[in-house]
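Below: one structure, written as structure tokens.
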Amino acid sequence: MPKDRISLQILFKELPKISAKDLNEIAAHVSHRSPAFTYQLPADTSVDGHGLAATDAHKIKLEFCNRKLSDKELAQISAHVRLVPDTDENINLHNAYIEISVEPDQAKPLEAYQILTFLAFLLSRPDGLVIANVNGFTSFNASGLQQIMADEDWMDAIENMPPLFLYSGPVIHEFDGNELLWMRSYGNHLLGIPDLGTAFANHIVQQYVPMTLTVFDNIMTYMIDTGNKVEPGHTMESESVVIAFRDQPAQADEYFYQSPSGMLNVVYTPKAGVKLPNF
């Protein structure tokens, strides 16, 4: 998968037959401000081929693939902490996928992802198994996502989606002989920001993970919304904790510490009277 393009993959048992008319009809019923796509689709979308979906601002490449994702790609989309059994089962059922990809827009880093996500939701109706992000190490049951959207305007819901949900990680790495876990994001380089990671003990994982998801989402959203980069040496503070950011070096074989946009180690220091991780 190209790491310099934002991409999503929609997994199927077999490639569906899709027409521009079908996609436009679905779009008209799910949002009052659907992106105005114009399509160039192959005559038969149920076989290998290429297509295009364009708006005024974005040209989205479509690749129709009558094969499974590679073993490496499958490992990546099966790694994140939000993976649920239904998604894992549907990943195993897939025999084909559609990949959609677009150039990142550093001036509006979320907009390209949001347009791509809307198109992925359209393409997953009705037979999509999973919507995945190989670069972001994420995947979700397609029907489950559609149920979440059932009573909402799709474009509104997508714009309110936190970046750590579909666009970036998170993943927990375990190390042999070490009780510490390493939780990190993947894919933040496509959002123009560094990846984030933090270390914590195995026995506090149930409390620590939800808290860290919130902290990471808030930090990422701050950087994306303001354009301000958090850098090593910076700190953030609340009533209960000081959050410090440190550079995280990586050896050549330490992929879990590596990122094209740099990795920040997020270190929590609870204030007096506050116990980790209850802040």
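The values are calculated or read from the model by the stated rules, or taken from the named source; none is laboratory data. Quick caveat, the model's predicted, so the values are computed rather than measured. Don't worry about glycine lacking a Cβ; one is built from the backbone with ideal geometry, like all the others, and counts go over all protein chains shown.
Quick notes
- Checking residue 157 against (1) aliphatic (A, V, I, L, M); (2) surrounded by 18 or more Cβ atoms within 10 Å (Cβ to Cβ); (3) in contact with a strand residue (DSSP E or B) (Cβ under 7 Å, 6 or more places away or on another chain), the condition it does not meet: (3)
- Some residue of the stretch 24-37 being in contact with an Asp or Glu (Cβ under 6 Å, 6 or more places away or on another chain), farther than 26 Å from residue 13 by Cα, surrounded by 17 or more Cβ atoms within 10 Å (Cβ to Cβ) and at pLDDT below 95: yes
- Residue 8 being in contact with a helix residue (DSSP H, G or I) (Cβ under 7 Å, 6 or more places away or on another chain), part of a strand (DSSP E or B) and within 23 Å of residue 190 (Cα to Cα): yes
- Residue in the stretch 48-65 that is under 24 Å from residue 181 (Cβ atoms), of a type outside the set (S, T, N, Q), part of a strand (DSSP E or B) and touching a residue at least 40 places away in the same chain (Cβ under 8 Å) present: no
Residue by residue, here is whether (1) under 30 Å from residue 47 (Cα atoms); (2) buried (at least 21 other Cβ atoms within 10 Å of the Cβ); (3) in contact with a strand residue (DSSP E or B) (Cβ under 9 Å, 6 or more places away or on another chain); (4) not assigned by TED's automatic domain parsing to the domain that holds residue 61 holds:
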{"position": "104", "(1), (2), (3), (4)": "yes, no, yes, no"}
{"position": "132", "(1), (2), (3), (4)": "yes, yes, yes, no"}
{"position": "135", "(1), (2), (3), (4)": "yes, yes, yes, no"}
{"position": "149", "(1), (2), (3), (4)": "yes, no, no, no"}
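- Considering residues of the stretch 38-87 that are in contact with a strand residue (DSSP E or B) (Cβ under 9 Å, 6 or more places away or on another chain) and among the small types (Gly, Ala, Ser) only, the residue surrounded by the fewest Cβ atoms within 10 Å (Cβ to Cβ): 43
- Scan of the stretch 261-279 for residues that are exposed (fewer than 12 other Cβ atoms within 10 Å of the Cβ) and either closer than 13 Å to residue 195 by Cα or free of Cβ contacts under 8 Å to residues at least 12 places away in the same chain (or both), ordered by number: 272, 273, 275
- When the stretch 11-47 is filtered for residues that are in a loop (DSSP other than H, G, I, E, B) and touching a Lys or Arg at 6+ places or on another chain (Cβ under 8 Å), the ones remaining, listed by number, are 44, 45, 46.
- Inter-residue pairs, beta-carbon under 6 Å, first surrounded by 13 or more Cβ atoms within 10 Å (Cβ to Cβ) and in the stretch 242-260, second modelled with pLDDT of 95 or more and of a type in the set (D, E, K, R), 6+ apart: 259/195
- All conditions but one from (1) closer than 15 Å to residue 9 by Cβ; (2) touching a strand residue (DSSP E or B) at 6+ places or on another chain (Cβ under 7 Å); (3) not aliphatic (A, V, I, L, M); (4) not in a helix (DSSP H, G or I) apply to residue 90; the one that does not is (4).
- For the stretch 178-241, the strands (runs of 3 or more DSSP E) that sit wholly inside it and include 2 or more residues that are in contact (Cβ under 8 Å) with a residue 24 or more places away in the chain and in contact with a strand residue (DSSP E or B) (Cβ under 8 Å, 6 or more places away or on another chain) are 178-184, 195-201.
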